[in-house]
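Contents: one structure, followed by commentary.
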Amino acid sequence: MRAPTLDLTLLRTLVAIADTGSVTAAAKRLAYTQSTVSMQLQRLEAQLSLTLHEREGRRIRFTPEGERLLSHARRLLALNDEAWGDMQARQITGDLTLGIPEDYASLLPSVFAYFHQLYPAVGLKVICGTSTHLVEQVKAKELDLALVTRQRNSPGGDVIRREPLLWAVGMNQQPLLSDPLPLALYSPGADVFREVAEQALQSAGRSWRVAYTSQSMAGLAPIVTAGLAIVVVTRSMLTPALRPLDESSGLPALPMIELALHRAPHRPSEPVRRLAELIREQLAVHEQAL
C-alpha cells in the first residue's frame, strides 16, 4: 500500500509557525490570514490523526509529535526548494552582506535558515562589529544592511524594535552594590550601553569603577557570573547565568534602547528587501514575547 503524500504547503506553514513563534507572525511571513494558518495546522493534524501543538497564550508549543514532524518538514522543504531553485532558468544569484553586533546574532538563526531556503544561490555574508562602525560601513556601501543599536549622535535607520536596559549580576554571585560600583562595560565606542550606564549613575550621584571591558557580552559574562561586576544588558541578552536587578537594588532606572536597520544608499535587490523584512518580522515576534 502506498503511503499518503504530505502536503508541502501545510509543512511550510508548520515551519513558519515554529520559526516565528505564533500564528500571527507566521501569517504575516506567508502573506496568509491568521484563520488560514490555523486551518492549515488543523488540516495537518487531521491528516496525521495527531496533536502537533498546544497553545501557551499567544505562543505555540509543539508536542513531541510536532517536533518530530518539524524535523522532517525542514528536510523536505529544503530538498523541494533546492530542486525548484536548480530548475529555474533565471535563478537569483549574487552576494549580500549584513552587519550586526555579535550580541544580536543569536536573535536571527531562523531568519538565516529561511533566507537560505528562499535564495539558495545568494551568498549571505554576516560581519560582526560595533554599531558605530557598522553604520559607517553601510554609508560607505561596504554593507547592504546593518542591524545596530541606534546611536544618540547618529540616529538614522529604521527603528524596528525597542527594549529596556537592565542592570544584571551573576545568578549565584554578585558584588556589593556600594560605591564605587564595579562595572563590566563595553569598550569605549563599542555601543551606547556604556554611555547610558555612566550617565544614569552620574545623574543619581553614584560613583563607579570599570572592572572589565570587552566589545561583546561573551567577553563580559565571565567576570559578571563570577560575582565581580555588574553589567548592563537588554532583556533578550539575559542568560540562565545572569539575574536582573530590580528597584530594590538602589541602582538608577535605565532607559529603552532602539534597534535600527540601516540600508546602503542604493537601490536594494530583491534578496536585500526580503532579508530586511524577515529581520523585522523576527524581532517584532521577540519583542512581543518580552
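If you check 59, 43, 55, which single one turns out to be of a type in the set (Lys, Arg) and within 18 Å of residue 10 (Cα to Cα)?
Unique residue meeting the criteria: 43.
Can you go through 194, 150 and tell me which one is modelled with pLDDT of 80 or more, under 20 Å from residue 281 (Cβ atoms) and either among the basic types (Lys, Arg) or over 19 Å from the mean Cα position of the chain (by Cα) (or both)?
None of the other options fit; the residue is 150.
Given the structure, is residue 169 closer than 25 Å to residue 240 by Cβ, among the β-branched types (Val, Ile, Thr) and at pLDDT 90 or above?
yes
On the given criteria, is residue 164 at pLDDT below 90 and surrounded by fewer than 18 Cβ atoms within 10 Å (Cβ to Cβ)?
yes
Can you report the number of residues in region 225-257 which are surrounded by 18 or more Cβ atoms within 10 Å (Cβ to Cβ) and at pLDDT below 90?
So the answer is 3.
Could you say which residue among 228, 242 is closer than 18 Å to residue 208 by Cβ and not assigned by the TED database to the domain that holds residue 111?
Answer to the check: 228.
So in region 261-272, with the set limited to residues that are closer than 24 Å to residue 106 by Cβ and either in contact with a helix residue (DSSP H, G or I) (Cβ under 8 Å, 6 or more places away or on another chain) or charged (D, E, K, R) (or both), which one is surrounded by the fewest Cβ atoms within 10 Å (Cβ to Cβ)?
Among those that are closer than 24 Å to residue 106 by Cβ and either in contact with a helix residue (DSSP H, G or I) (Cβ under 8 Å, 6 or more places away or on another chain) or charged (D, E, K, R) (or both), it is 263.
Do you know which residues across region 199-224 are part of a helix (DSSP H, G or I) and either small (Gly, Ala, Ser) or open to solvent by less than 50 Å² (accessible area, probe 1.4 Å) (or both)?
Matches in region 199-224: 200, 201, 203, 217, 218, 219, 220, 221, 223, 224.
Might you check whether a residue that is at positive phi and either free of Cβ contacts under 8 Å to residues at least 24 places away in the same chain or open to solvent by 20 Å² or more (accessible area, probe 1.4 Å) (or both) occurs anywhere in region 36-58?
Yes; the residues of region 36-58 include at least one that is at positive phi and either free of Cβ contacts under 8 Å to residues at least 24 places away in the same chain or open to solvent by 20 Å² or more (accessible area, probe 1.4 Å) (or both).
For region 259-290: of the residues being assigned to a helix (DSSP H, G or I) and at pLDDT below 80, which is nearest to the chain's Cα centre (by Cα)?
Step by step, filter region 259-290, then rank; the result is 286.
If we only count helices (runs of 4 or more DSSP H) wholly inside region 1-116, which ones have 1 or more residues that are among the aromatic types (Phe, Trp, Tyr), touching a His at 6+ places or on another chain (Cβ under 8 Å) and modelled with pLDDT of 85 or more?
none
The values are calculated or read from the model by the stated rules, or taken from the named source; none is laboratory data. Every value quoted in this text rests on a predicted model; they were computed, and no experiment measured them. A quick note on method: Cβ atoms are made from the backbone with ideal geometry, for glycine too, and the neighbour counts reach across all protein chains shown. When the accessible area is computed, the model is the full protein with side chains, heavy atoms only, and any ligands, DNA or RNA have been set aside. Shrake-Rupley method; radii C 1.70, N 1.55, O 1.52, S 1.80 Å.
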